[in-house]
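The values are calculated or read from the model by the stated rules, or taken from the named source; none is laboratory data. Nothing here was measured: the structure is a model prediction, and the numbers come from that model. Glycine also receives a Cβ, built like all others from the backbone with ideal geometry; neighbour counts cover every protein chain displayed.
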Amino acid sequence: MTKKIVVVGMGYVGIPIAALLADVDGFSVIGIQRRSTRSEWKIDWLNKGKNPISGDEPGLSELISKVWKKGAFKVTDTFSMCNDADYILIDVQTPINSDRTPNYNSLIQACEEIGKHMKRQTTVIVESTVAPGTTENIVKPILERESGMRAGEGFYLAFGYERVMPGRLIRNIIHLPKIVGGVTEESTKKAVELYSKIVQADIYSTDLWTAEVAKVVENAYRDVNIAFANEVALICESLGVNAYEVRKLVNTLPNDTTNPETNPVRNMLYPGSGVGGHCLPKDPWLLIDGLNKYGKTKYIPRMIIAGREINDAMPLHVADLVEGALHERNISIINSKIVILGAAFLENSADTRNSPSIVLYDELIRRGAQVVIHDPIIQNLDRPFIRDFEEALKSAQAVVLMTKHKEYQNLNLRVLINKLKTPILIDGRNTYDKKEVEKAGWMYKGVGKGKSRDVQ
Ligand code: SAJ
């Protein structure tokens, strides 16, 4: 008996999980993608068996082509296909608004449509990242209202969060442990049954709210740890010490093999020029939104908020490093040409969402500089950018390394020095050694690298 699965939202989460499920014998998958100017082309591409996700994603293109040929994966823009689905996965985007509250427009629209069409005994699984309490208080009421059924009785409802990462979409779904929490035990069980067909790692069952909290805490944890590294970097700059050297030494503390529970004993992350992407800048605010909306006692998560503020301020600190370096050469930042190397939020990636480079660009413009962004990989950016590296460097007064793309490592600084008006290198990602850069005739400043005690 063929199991019919619907996956709503053909993005970097929905597409790989739809393809993996379609590869299971006896499963047939329908992807639903609304026809917006930005994303309707994906429907046609996927219905030709082609992978619309850019960047290197091992195994994904082959898998999409395989399940398409098998006729087990089709994509449409209509929700009527939910009417005989055994499982419906919700993988729509859940961005935050400028006031840091969640934007659930896509989620609400999907729930209204699903509720209208779903049949009895369907299992609905929310995979999109949401504020704790959202499945219970937003998703469930809409599904019950539109379907006339009760969650846990007429249909099953669970939250099962994704742990995808760029470059590891397929691998992570198969090999990373899965966390699932349902509105009822039966709902949890139904979700576990589905995931067990594709997940080869452990599947952990819990309740709905715990699963929702775990997801956003997983990223808030990483964000706060990066903020800690960034705060150490600012301290080291002031003390004239190299924060990366400090990190290396701190992390020499070995893991305790006799007591795995306490490992890693130390794992200080990397300071840098900022924290971008579609997860870390957003998920701490989703956690806080759930706390503000559904918390039973008043509590202000000062550390998580401070972590966000520290990370958001790093591109502004880079702008200070630029202005300070120009000042040391008695050059005003006003009308100085500054080159930003790297617009992607992550090295060797084309993803520019919430990129710290955009924050730096706007800040340098605000301070009166002429700014050029260079990036060898990205396809689009809502700021001007160029591909021609030599053109970018011509007559520049300073070069800022914001993204550690491989193209920016091992640059021949002795040759490049002749292209610039003033050879100043601001290193946002510990790409270069201070002494080497100065030997090549440049002034060097780096995030986390103090100046006074002759650090590397
Ligand atoms: N960053 C630092 N210092 C670090 C690590 C990262 O400044 O030590 C910066 C990066 O430059 C980037 C931002 O933080 O601008 C985010 O980097 P990331 O490595 O966390 O990459 P993301 O945003 O793709 O995070 C995803 C998350 N995955 C999910 O939400 C499912 C995150 O939980 C993963 O830990 C991360 O991938 C990963 O490890 O690749």
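A Cβ distance below 7 Å, combined with a sequence gap of six or more or placement on separate chains, defines the contacts here; from region 275-302, residues that are free of Cβ contacts under 8 Å to residues at least 24 places away in the same chain and over 17 Å from Asn225 (Cβ atoms) reach residues that are more than 16 Å from the ligand (Cβ to nearest atom) and among the aliphatic types (A, V, I, L, M) in the pairs Tyr299/Leu291.
Return the residues of region 194-230 that are assigned to a helix (DSSP H, G or I) and more than 12 Å from the ligand (Cβ to nearest atom); say none if nothing qualifies. Once the filter is applied, which keeps residues that are assigned to a helix (DSSP H, G or I) and more than 12 Å from the ligand (Cβ to nearest atom), region 194-230 yields Leu194, Tyr195, Leu208, Trp209, Thr210, Ala211, Glu212, Val213.
Here is a yes/no grid of residues against (1) among the basic types (Lys, Arg); (2) at pLDDT below 95; (3) buried (at least 21 other Cβ atoms within 10 Å of the Cβ); (4) more than 16 Å from the ligand (Cβ to nearest atom):
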{"residue": "Ile305", "(1), (2), (3), (4)": "no, no, no, yes"}
{"residue": "Pro315", "(1), (2), (3), (4)": "no, no, yes, no"}
{"residue": "His327", "(1), (2), (3), (4)": "no, no, no, yes"}
{"residue": "Ile331", "(1), (2), (3), (4)": "no, no, no, yes"}
{"residue": "Ser357", "(1), (2), (3), (4)": "no, no, yes, no"}
{"residue": "Leu364", "(1), (2), (3), (4)": "no, no, yes, yes"}
{"residue": "Arg367", "(1), (2), (3), (4)": "yes, no, no, yes"}
{"residue": "Ile378", "(1), (2), (3), (4)": "no, yes, yes, no"}
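Of the candidates Ala350, Ala344, the single residue that is over 20 Å from Asn430 (Cα atoms), out of contact with any strand residue (DSSP E or B) (no Cβ under 9 Å at 6 or more places or on another chain) and aliphatic (A, V, I, L, M) is Ala350. Considering only residues that are buried (at least 20 other Cβ atoms within 10 Å of the Cβ) and either of a type in the set (A, V, I, L, M, F, W, C) or over 23 Å from the mean Cα position of the chain (by Cα) (or both), look in region 29-42 and name the one that is farthest from Tyr87 (Cα to Cα). Selected residue: Ile32. So Met268 ticks every box in (1) more than 22 Å from Gly428 (Cβ to Cβ); (2) at pLDDT 95 or above; (3) assigned to a loop (DSSP other than H, G, I, E, B); (4) within 16 Å of the ligand (Cβ to nearest atom) but one. Which box is left unticked? Condition (1) is where Met268 drops out. Here region 333-344 is the region considered, the condition is being assigned to a loop (DSSP other than H, G, I, E, B) and among the hydrophobic types (A, V, I, L, M, F, W, C), and the residue that is surrounded by the fewest Cβ atoms within 10 Å (Cβ to Cβ) is Ile334.
Here is the figure for region 231-255: residues that are hydroxyl-bearing (Ser, Thr, Tyr) and outside any helix (DSSP H, G or I) total 1.
On inspection, Thr422 fails the criterion of being modelled with pLDDT of 95 or more and closer than 17 Å to His374 by Cβ. For Ala191, the test of being of a type in the set (Gly, Ala, Ser), more than 16 Å from the ligand (Cβ to nearest atom), crowded, with 16+ Cβ neighbours inside 10 Å and in contact (Cβ under 8 Å) with a residue 24 or more places away in the chain is passed. Applying the set (1) out of contact with any strand residue (DSSP E or B) (no Cβ under 9 Å at 6 or more places or on another chain); (2) within 16 Å of the ligand (Cβ to nearest atom) to Lys293 leaves exactly one unmet item: (2).
Residues that are touching a Leu at 6+ places or on another chain (Cβ under 6 Å) and free of Cβ contacts under 8 Å to residues at least 40 places away in the same chain within region 1-54 comprise just one, Asn51.
The residue pairs whose first member lies in region 240-258 and is farther than 20 Å from Thr431 by Cβ, whose second member is among the β-branched types (Val, Ile, Thr), and whose beta carbons are closer than 7 Å, counting only pairs six or more residues apart or on different chains, are Gly240/Val455; Leu253/Val265; Pro254/Val265; Asn255/Val265; Asp256/Thr262; Asp256/Val265. Scanning region 1-28 for residues that are part of a loop (DSSP other than H, G, I, E, B) and over 23 Å from the mean Cα position of the chain (by Cα) yields Met1, Thr2, Asp23, Val24, Asp25, Gly26. The residues in region 128-152 that are buried (at least 24 other Cβ atoms within 10 Å of the Cβ), in a helix (DSSP H, G or I) and either in contact with a Cys (Cβ under 9 Å, 6 or more places away or on another chain) or of a type outside the set (Ser, Thr, Tyr) (or both) can be counted, and the count is 2.
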